[in-house]
């Protein structure tokens with residue numbers, strides 16, 4: 001038969017169990033407090049990159065993507081509507097100035113030139129005939145003028161004779177007056193002839209000038225047609241490399257259509273694209289640096305900023321100081337850094353993962369074998385350095401590697 005449990009025994013069991021729970025909780029709290037100290041993470045010095053704060057110049061830069069292009073490129077276009085008869089050179093061919101690239105069918109232009117030549121012959125013949133006719137008219141007028149001059153002279157002699165006879169009383173006043181009137185009339189007619197000759201000379205000269213202008217116009221058209229025929233056998237205007245040419249023989253090309261491109265691959269420039277949010281800060285003459293590879297950086301400057309903005313992208317052209325560097329290749333992709341500001345002497349450090357822009361950033365500084373999280377004010381930021389505006393001293397060693405995993409900690413041990 002079961003007996004009831006002693007109340008005092010039961011109370012002691014409850015008290016003992018509660019004490020065990022309190023002790024276990026205390027142990028857990030203590031473990032939570034001391035565990036970070038026991039299992040504090042550490043970093044291997046060989047696995048991180050560091051740099052020392054130093055005094056020097058810092059340049060603020062804007063990053064852009066660039067493409068190396070020939071500094072000089074000649075575009076050849078068709079001088080007339082034609083058909084490609086034969087392609088003489090293919091892309092990649094080295095060309096000399098005056099060397100032919102392709103032949104165009106110019107039969108229609110040849111016929112047009114022949115018609116112009118015939119038209120010139122007709123104009124020149126018309127000019128000669130008209131000149132002879134005008135000269136004949138002038139000769140007739142000059143002959144009539146000379147006859148009239150003789151007539152005026154004869155009438156003058158008659159008037160002098162009648163004057164003497166009148167003084168001697170051998171003729172009447174009417175006879176003298178009649179002779180004087182005849183002389184005056186002849187003088188008026190002579191003056192009219194002189195004016196007619198002057199007017200005819202001016203009119204003749206104007207007509208001859210008009211005919212000469214027509215002839216000169218046709219001659220210029222012939223010269224232009226001949227020039228187009230010479231250009232039809234497309235020739236290189238300078239030494240260079242043929243980068244592109246019409247691909248299919250027999251294809252039709254329109255007047256003004258590009259048929260070939262020639263590049264001078266001994267000299268290059270860079271075409272860089274960047275966001276239009278920087279458009280207001282860009283200007284010709286600004287310094288720029290072009291990173292060809294990890295070890296080569298070329299100096300240059302902005303030669304021009306293209307006015308058109310397409311799809312939020314502004315394009316600038318960079319002129320290089322060493323434009324013939326052996327590492328440069330057409331269409332090579334490069335990084336471009338445009339310098340917008342410069343501090344000649346300030347504290348600086350190599351650019352690391354922490355330098356996302358100007359402002360205050362948490363940076364780990366190596367001190368006494370530990371990486372200590374330190375707030376640092378960053379000023380200008382370039383492609384390789386950033387300005388230390390506050391929080392660090394010259395000689396401090398800064399961790400450049402990505403430390404995002406440790407940003408919640410004040411310090412990290414270094415091994």
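The values are calculated or read from the model by the stated rules, or taken from the named source; none is laboratory data. Since the model is a prediction, treat every value here as computed from it, not as a measurement. Glycine also receives a Cβ, built like all others from the backbone with ideal geometry; neighbour counts cover every protein chain displayed.
Tell me the residue from 274, 306 that is farther than 12 Å from residue 319 by Cα, in contact with a strand residue (DSSP E or B) (Cβ under 7 Å, 6 or more places away or on another chain) and surrounded by 18 or more Cβ atoms within 10 Å (Cβ to Cβ), please.
After applying the criteria, what remains is 274.
Any residue at all in the stretch 55-68 that's surrounded by fewer than 16 Cβ atoms within 10 Å (Cβ to Cβ), modelled with pLDDT of 85 or more and in a loop (DSSP other than H, G, I, E, B)?
Within the stretch 55-68, not a single residue is surrounded by fewer than 16 Cβ atoms within 10 Å (Cβ to Cβ), modelled with pLDDT of 85 or more and in a loop (DSSP other than H, G, I, E, B).
Of these, 223, 198, which one is part of a helix (DSSP H, G or I) and within 17 Å of residue 139 (Cα to Cα)?
Selected residue: 198, the only one of 223, 198 that is part of a helix (DSSP H, G or I) and within 17 Å of residue 139 (Cα to Cα).
Which count do you get for residues in the stretch 243-265 that are within 13 Å of residue 95 (Cβ to Cβ) and within 21 Å of the chain's Cα centre (by Cα)?
8
With respect to residue 279, determine if the residue is closer than 30 Å to residue 377 by Cα and touching a residue at least 24 places away in the same chain (Cβ under 8 Å).
Yes; evaluated as a whole, the condition is true for this residue.
Out of 302, 277, I need the residue that is assigned to a strand (DSSP E or B) and not assigned by TED's automatic domain parsing to the domain that holds residue 98. Which one?
302
Taking the options 147, 102, 141, name whichever one is farther than 23 Å from residue 256 by Cα and either assigned by TED's automatic domain parsing to the domain that holds residue 293 or surrounded by 15 or more Cβ atoms within 10 Å (Cβ to Cβ) (or both).
Unique residue meeting the criteria: 141.
Hey, could you check the stretch 346-363 for residues that are modelled with pLDDT of 85 or more and not in a strand (DSSP E or B) and say which is surrounded by the fewest Cβ atoms within 10 Å (Cβ to Cβ)?
Step by step, filter the stretch 346-363, then rank; the result is 353.
Just to be sure, is residue 405 outside any loop (DSSP other than H, G, I, E, B) and farther than 15 Å from residue 355 by Cα?
It is true that residue 405 is outside any loop (DSSP other than H, G, I, E, B) and farther than 15 Å from residue 355 by Cα.
In the stretch 364-402, how many are assigned to a strand (DSSP E or B) and touching a helix residue (DSSP H, G or I) at 6+ places or on another chain (Cβ under 8 Å)?
Going through the stretch 364-402 one residue at a time, the tally reaches 3.
Does the stretch 230-243 include one or more residues that are at pLDDT below 80, part of a helix (DSSP H, G or I) and surrounded by 13 or more Cβ atoms within 10 Å (Cβ to Cβ)?
yes
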